Amino acid sequence: MIDLKKKINVCEPLITKNAKKYINDCIDTEWISSAGKYLEDFEKKWAKYCGADEGIAVTNGTSALQVAFKSLNLQPGDEVIMPSFTIISCATAIIEAGGKPVLVDCYPDTWCLNIEQMKEKINNKTKAILVVHMFGHPAEMDPIIKVVKRHKLYLIEDAAEAHGATYNNKRVGSFGDLACFSFYANKLITTGEGGMVLSNNKKLTKKIRSLRNLSFRSDRRFYHTEIGYNYRLTNMQAAIGISQIENLKNHINIKRKNTFLYNKIIKKMDLPLRLPSENENSKSVFWMYGVVLKNKKLNAKILAQKLANRGIETRPLFLGMHQQPVLKKMKLFNNEKFPVTEELSRFGLYLPSGLKLNKKKIDFICNALKDIFHESRK
Ligand SMILES: Cc1ncc(COP(=O)(O)O)c(C=O)c1O
């Protein structure tokens, strides 16, 4: 039987006293909807932190991707190259904006998109590249930017999982024409639900602000010349966001410290797992502690069940876009195969990685893994 009091959650946020203070201020001043000083501040502070000119706060990371792609004015047949290993929001945002997602596999170490394959997929229909900074590790930006410039493509970053990560000392979110973030509760900073698009491109940010707000026009109220959405974030959510930015440095330190501790213990135990690593030119924020089984006797589903039996919660890794029934039905990916993605989905999972995780829990989890591997050898 699992002692629920002892259950180790896969993730938990860290909410500070200031979150309460700022939310109370919203309530006291009655600025509870989608305007107010926290909202303006949150957009400005997040853009500045990441090194972009402007931020447009939206309801979540999925809607950030939706308005980002919608702003590009994609035409039928336009292609966007993206990684197969990611969340479905990436593919659906491209499809909803009228484009066609074209997939490439990812690297087995960073889990970010494979640049050689990306180059091979470029043709005269390619309009944009979507890079996803996966599990906190930045994609290899220099070669990507070179290709994007040579072919005059848009570059979109999905930095939902990589708040504060750097590539050559530059923060993610500052490389693309547009960069999308999620502030869901499991992200490095959270607003409960929330998202943002960052950009230096005034034309695109103007369009995205309008798309976020039903495409209202400033010259004539309730007269619409384009389809828009209500993706407005509230002042109260932004108030939480401000308190989170104040603590982000601490959150990054916790994630990095726990990753290195897990790595040290697992290496010492010599467990058959591929562990998170970091390229020399990058600083990962190790969003979640993701591991991949080296020994294919077990798979991630079985391991997750065995850990759950010991009160340890985990999550599977993404299922590739080419394996999604809903996308396959649309005859999108021509039965293509992406072996690294497939390996990650089948043999990878992430272990508890919350901001309240401590050494005692990490020791407990690693010992549980050791026992499970020992038993599976019998
Ligand atoms: C890489 C990536 N992009 C986008 C999203 C979508 O964000 P949201 O859940 O806020 O819609 C997620 C979700 O967690 C994600 O991991």
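Each value in this text was obtained by applying a stated rule to the coordinates, not by laboratory testing. Predicted model only: the values in this text are computed from it and were never measured. All Cβ positions, even for glycine, are placed from backbone atoms using ideal geometry, and neighbour counts span all protein chains on display.
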Computed label-point distance, nm, for sites Lys337 and Lys48 using a 7 Å Cα→Cβ extension: 5.2 nm
Extension gain, Leu14 back to Lys297 (0.36 nm per residue minus Cα-Cα distance, nm): 98.2 nm
Set Lys100/Lys283; Lys70/Lys331; Lys70/Lys125; Lys283/Lys328 screened for pairs whose C-alpha atoms are more than 26 Å apart: Lys100/Lys283; Lys283/Lys328
Helix-only mean residue ellipticity at 222 nm for the chain, each DSSP H run of n ≥ 4 adding -39500 (n - 2.57), per residue, nearest 500: -12000 deg cm²/dmol
Compactness index (Cα Rg / 2.2 N^0.38 Å), the chain: 1.01
Cα→Cβ-extended label distance, 7 Å offset, between Asp25 and Ile88, nm: 4.0 nm
Over region 248-377 - Rg/Rh using Cα atoms and the Kirkwood inverse-distance radius: 1.01
√(5λ) per eigenvalue of the Cα gyration tensor, region 102-257, largest first, Å: 28, 25, 12
Hits among lysines - C-alpha to C-alpha of Lys297 under 23 Å, sequence gap 8 or more where chains match: Lys267, Lys268, Lys306, Lys337, Lys370, Lys378
Stokes-Einstein diffusion coefficient of region 67-190, Kirkwood radius over Cα pairs, 4 °C, 1.567 mPa s, in µm²/s: 90 µm²/s
Candidates Gln324, Gln117, Gln244, ranked by Gaussian network fluctuation over the chain, Cα under 10 Å, top entry: Gln324
Dipole of the chain, positive direction: furthest Cα of Ser34, His322, Thr225, with charges on the beta-carbon: His322
Residue-count net charge about Asp105 - beta-carbon cut-off 12 Å; Lys, Arg +1, Asp, Glu -1: -3
Debye, to nearest 20: dipole size of region 208-261, +1 on Lys, Arg Cβ, -1 on Asp, Glu Cβ: 120 debye
For region 170-184, 3J(HN,Hα) per residue [Karplus equation, 6.51 cos²θ - 1.76 cosθ + 1.60, θ = phi - 60°, Hz, x = Gly/Pro]: 10, 6, 5, x, 10, 9, x, 5, 9, 9, 10, 10, 10, 10, 4
Dipole moment magnitude, nearest 20 debye, the chain about Cα centre, only Lys, Arg, Asp, Glu C-beta charged: 660 debye
Surface/4 of the Cα convex hull for region 1-75, nm²: 9.4 nm²
Residue-count net charge about Arg274 - beta-carbon cut-off 9 Å; Lys, Arg +1, Asp, Glu -1: 0
